[in-house]
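Heads up: the structure comes next, in structure tokens.
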Amino acid sequence: MANTKKFIYIGGRFDQWMGGQLLLEYDKENKTTRSLDHLFACKAATDSLPCTSVFSLANTNDGLYIGTDKGLFLFNKNQAGQEQLKKITHHGLGENTDFKTLYQDSKGWIWAGSMIEEGITFYDGMRWHPLTSETSVIPAGGYLAIAEGENNDYYFANNVSGLVKYNIDTEAAEIFTPRNSNIIDHNLVSVAYTDSVIVGSHDYGIAKLQDTDKWVITNNTNSMMQTIETSSCQWSPDSPTCKDVLVVERIIQNREGRTFTAIGKSIYEIF
């Protein structure tokens, strides 16, 4: 979702057999909802690479950035109300790659992360700066969430290589995995920053870094978080994999600084 002064935008999933919509616009004043799917040329049935999903949204001064399974788009309205959806192709990652996450930092820069391309790219208002394992010090793996820390440090949730701490001044990276720290998991799907960095695991809950090298874990054993069943339960219903899964979908902060996480079918306020 993305919130603007007049509208709320909601990204979704489209399937030619099951239906669904890619992008909805909710008018706050008139309390009406309409689909913007007609703007997506990549959704056309004749397109060899049809869009099926909007994964991420970010409202910026440039317009609404839209991350899909087939590339990055920018949506704008002019003063006359005319709408334009433009595909961005010069971001330095694959033109039709997926963009699982979008993030706007305190400078107004927009960051985008891809799982398939295994990289990050950011726009500083002048040009895009792509980062991959081949062109920078960040490791391979899918990038699913981004957060800004202090002193130009940025944190990337990677689904293979754990947490990546990257500094844009020094262009150096520090990588946290269960092998070199007591971080909760190598498969991370979300990250946020309050007074310290918070990460969300694909399976085991959340963890917050304290005292520079200690990760404090929050899961179903020490909080109200509830585990969920997974597809593995049909094969082994008594296994720990079935009973103790805590899929952290996302960690977000609101304007008041309160931090929330979506886990399974519930939403929790944390830290």
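The values are calculated or read from the model by the stated rules, or taken from the named source; none is laboratory data. Since the model is a prediction, treat every value here as computed from it, not as a measurement. With ideal geometry, Cβ positions are generated from the backbone for all residues, glycine too; neighbour counts draw on all protein chains shown. The area values use the complete protein model at the heavy-atom level, side chains included, leaving out ligands, DNA and RNA. Shrake-Rupley method; radii C 1.70, N 1.55, O 1.52, S 1.80 Å.
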Revision key, fill the gap. Looking only at lysines whose Cα falls under 26 Å of Lys77's and that sit 8 or more positions away or on another chain, we get Lys5, Lys6, Lys28, Lys31, Lys43, Lys86, Lys87, Lys100, Lys107
Practice item. With all protein chains present, calculate the accessible area of Arg250 using a 1.4 Å probe and round the result to the nearest 10 Å². Key: 120
Review point. What are the aspartates and glutamates whose alpha-carbon lies under 13 Å from the alpha-carbon of Lys208, with same-chain residues fewer than 8 places away excluded?
Key: Asp185, Asp195
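Heavy atoms only, probe 1.4 Å: what % of the accessible area of the chain goes to carbon and sulfur, would you let me know? Don't jump to the answer; show the numbers that get you there.
Details: 7000 of 14560 Å².
Of the solvent-accessible surface of the chain, carbon and sulfur hold 48 percent.
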Revision key, fill the gap. If R0 = 30 Å, then Val137 and Arg258, at their Cβ-Cβ distance, give a FRET efficiency to the nearest 0.05 of 0.35
Check your understanding: Solvent-accessible area per residue for the chain at a 1.4 Å probe radius, Å²?
Key -> 54
Review point. To the nearest 10 square angstrom, what accessible area does Tyr103 show with a 1.4 Å probe?
Key: 60
Exercise for review: Might you work out the accessible area of His186 for me, using a 1.4 Å probe with all protein chains in place, and round it to the nearest 10 Å²?
Suggested key: 90
Check your understanding: Considering the alpha-carbon set of the chain alone, what are its Rg and its Dmax in angstrom?
Key -> 19.1, 60
Point to revise | Listed residues Trp215, Trp109 arranged by accessible area, highest first, probe 1.4 Å | key: Trp109, Trp215
Practice item. May I ask you to derive the FRET efficiency for Ser196 and Ala80 from their Cβ-Cβ distance with R0 = 45 Å, giving the value to the nearest 0.05? Key: 0.45
**Study point:** Options Gly20, Ile88, Thr132, ranked by Cα towards positive dipole end of the chain, top entry (Cβ charges)
**Key:** Gly20
